[in-house]
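S.K.: This structure is in structure tokens; I'll ask about it shortly.
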Amino acid sequence: MNTILRKSILGIAGLTVAGGLAAGPLNHQQDGTPGPRESAVAVQSRLDTATLIPHGVQGAQSHIDLDDEQTANAQAIIAATKKAGMDERAAVVSIATALQESKLQNLGHLGDRNDHDSQGLFQQRPSSGWGTVEQITDPEYATTAFLKALKQVDGWRDMPLTEAAQTVQVSAYPDHYAQWEQQAADLVAEHWNS
């Protein structure tokens, strides 16, 4: 290889390495929080792994396409979680639960297709003390009621999502909550800061 070409290639490679090393630390502040140049994708990625799914997903994951109403219900769950002073992980547990119970549809009484008198996003029952029909079909109220019960579960943060949700919901299908963890985490990552 010609000496001038080789020196040019090595010079460019050196600038690339030096530029990468110099640019890297500028993206993060000393305390580890994102700096002004860090992309939203990097923040979302870190949020996903560290906060949203700390125990890893359990089993095969399901996914449904959401319409505007379902997306608005997910956003309402996130807003109620913030209002209750709880974190992103609580929102993931809540949304995964609502995905399993109602596919994020604020359901009224479904007659014979219904489990007793279950209604709303979380399929809460007035006869079990969750509130009136009007209350449990209000997304903010229903989420707040779910979160209040979740707070009372000792060690819920250290449990797999399905165990935390099942302890609150007491479902006949306790393992089914797990299949929605990734989609719930994706929704929280997308809408938490919006």
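The values are calculated or read from the model by the stated rules, or taken from the named source; none is laboratory data. Predicted model only: the values in this text are computed from it and were never measured. Positions of Cβ are generated from backbone atoms using ideal geometry, with glycine treated the same way; all protein chains shown enter the neighbour counts. Heavy atoms of the whole protein, side chains included, go into the accessibility calculation; ligands, DNA and RNA do not. Shrake-Rupley method; radii C 1.70, N 1.55, O 1.52, S 1.80 Å.
S.K.: Could you grab the pairs with beta carbons closer than 7 Å, sequence gap of 6+ or different chains, first residue in the range 70-85 and surrounded by 14 or more Cβ atoms within 10 Å (Cβ to Cβ), second one modelled with pLDDT under 95 and among the basic types (Lys, Arg)?
M.R.: Filtered contacts from the range 70-85: no entries.
S.K.: Look at Asp115 and say whether it is open to solvent by 10 Å² or more (accessible area, probe 1.4 Å), modelled with pLDDT under 95 and of a type in the set (D, E, K, R). Talk me through it step by step, then tell me what you get.
M.R.: Working: open to solvent by 10 Å² or more (accessible area, probe 1.4 Å): yes; modelled with pLDDT under 95: yes; of a type in the set (D, E, K, R): yes.
Taking the combined requirement at face value, the residue satisfies it.
S.K.: Still on this model: Are there any pairs with C-beta distances below 9 angstrom linking a residue in the range 91-114 that is more than 27 Å from Leu52 (Cα to Cα) to a residue that is in a helix (DSSP H, G or I) and at pLDDT 75 or above, with the two at least 6 apart or on different chains, and if so which?
M.R.: From residues that are more than 27 Å from Leu52 (Cα to Cα), the pairs are Gly108/Val133; His109/Val133.
S.K.: Moving on. If you check Trp130 against the conditions, is it of a type in the set (A, V, I, L, M, F, W, C) and open to solvent by 20 Å² or more (accessible area, probe 1.4 Å)? So that I can check it myself, show each step before the final result.
M.R.: Numbers: of a type in the set (A, V, I, L, M, F, W, C): yes; open to solvent by 20 Å² or more (accessible area, probe 1.4 Å): yes.
When the stated conditions are applied, Trp130 passes them.
S.K.: Checking Arg46 against (1) basic (Lys, Arg); (2) surrounded by 19 or more Cβ atoms within 10 Å (Cβ to Cβ); (3) modelled with pLDDT under 90, only one condition comes out false. Which one?
M.R.: Of everything listed in (1) basic (Lys, Arg); (2) surrounded by 19 or more Cβ atoms within 10 Å (Cβ to Cβ); (3) modelled with pLDDT under 90, Arg46 misses just condition (2).
S.K.: Restricting to the range 128-149, what's the tally of residues that are of a type in the set (Gly, Ala, Ser) and modelled with pLDDT under 95?
M.R.: Counting residues in the range 128-149 that are of a type in the set (Gly, Ala, Ser) and modelled with pLDDT under 95 gives 3.
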